[in-house]
Amino acid sequence: MHQPTLRVIKVLNLLANSPEKLSLSFISKQLNIPPSTLFPILQTLQNEHFILCDNVNKSYDLDYKVLELAQKIKNENTALELIKKYMKNIRDLTQQTCQLGILKGGEVLYLEKFDASSDVQIKSFVGASYPAYATALGKALLEKKSKKELTQIYTQPFILMTQNTTKNIDELYTKITHIKKDKIAIESGELNPQIECMAIGIEYKKEILAAISIAYPLFYSNKEFKEKNKAILLQAKVHIQKALKLYFPELKSI
């Protein structure tokens, strides 16, 4: 282990588990760190607002930066739980498999899944990654990318998963342009020739934070089916975005 870093962690842990402020000498004895080594650690942590020094008693306690980090973790975990509630509702209303993904490089990483209410189940796995260009989730995540940005993401020719897979940057950019107009991404048989998906991007501070999709057998697909489920997804998009903005003003990621 890197000992200088370990000393910093030990100081923070000791202060976090103490019901009262601690002096330099007490911290030094408890952690077996010489005062000459400990003082610059405390000084740096104080300057960066991770600890606070009581100048009257010359004792130390945690400062607001530690609380900020803790709140960030709490917010992000709670944000995911909020989105999961909406996903469950989408699954219940559509009776189709509902999935959540984020963009990692040129791939979509599947974070959550609610299986369809019907007997027909879609085989997909949380933690799996697939080319974003071949999925509705991925296209929704790429919606705000320029053609130049797409060429930077995809430097190699597209791997065709099926005969329906998007074949190149030009075709991908055309489909993204349609998403901007229709407000929803639809993919038919690009990843699996028997499956169709439709997806919405979740926008937060003008960026696509994540995407939610429903997946269903291609033989379900018709105009009435798609219009009904498109309306459900778009309504959920509005509600999720409003909730994230209201409850998580400092959210950085899911």
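Worth a mention:
- Label reach from SER221 (point 7 Å along Cα→C-beta): in the range 123-164, amide nitrogens under 17 Å belong to 123, 133-140, 161-164.
- Cα shape, the range 127-254, gyration tensor, a/c 1.5 rule: oblate
- The chain: most fluctuating residue of LYS180, LYS242, LYS65 per GNM, C-alpha cutoff 10 Å: LYS65
- Rg and Dmax of the chain, both derived from C-alpha coordinates alone, stand at 24.6, 75 Å.
- Shown in residue order for the range 141-151 are the 3J(HN,Hα) couplings computed by the Karplus curve 6.51 cos²θ - 1.76 cosθ + 1.60 at θ = phi - 60°: 5, 8, 3, 8, 7, 7, 4, 5, 5, 5, 5 Hz (x for Gly and Pro).
- FRET efficiency for LEU31 and LEU111, using Cβ-Cβ distance with R0 set to 35 Å, rounded to 0.05: 0.35
- Fraction of accessible area attributable to carbon and sulfur, the chain (%, probe 1.4 Å): 54
- When each of LYS180/LYS230; LYS144/LYS226; LYS104/LYS252; LYS145/LYS226; LYS147/LYS226; LYS88/LYS144 is checked by Cα-Cα distance, pairs over 19 Å: LYS144/LYS226; LYS145/LYS226; LYS147/LYS226; LYS88/LYS144
- Extension reserve of the LYS104-GLU149 stretch, reckoned as 0.36 nm per residue once the Cα distance is removed: 14.8 nm
- Annotation note: GluC sites (Glu not before Pro) in the range 17-113 located in DSSP loop regions with a Cβ neighbour count of at most 13 within 10 Å are GLU20, GLU48.
- What separates the Cα centres of the range 146-185 and the range 1-76 is a distance of 50 Å.
- Spin-label model, TYR64 to SER253: label points 7 Å out along the Cα-to-beta-carbon direction sit 2.6 nm apart.
- Taking 7 Å steps out from each Cα toward its Cβ at ALA16 and GLU171 produces label points 5.0 nm apart.
- Theoretical FRET efficiency, 1/(1+(r/R0)^6), r = Cβ-Cβ of SER129 and ASN89, R0 35 Å, to 0.05: 0.85
- Hits among aspartates and glutamates - C-alpha to C-alpha of LYS206 under 20 Å, sequence gap 8 or more where chains match: GLU76, GLU143, GLU149, ASP182, GLU250
The values are calculated or read from the model by the stated rules, or taken from the named source; none is laboratory data. Note that the structure is a prediction, hence the values are computed from the model and not measured. No Cβ is skipped: glycine too gets one built from the backbone with ideal geometry, and neighbour counts run over all protein chains shown. Areas reflect the complete protein model, heavy atoms only, side chains present, ligands, DNA and RNA absent. Shrake-Rupley method; radii C 1.70, N 1.55, O 1.52, S 1.80 Å.
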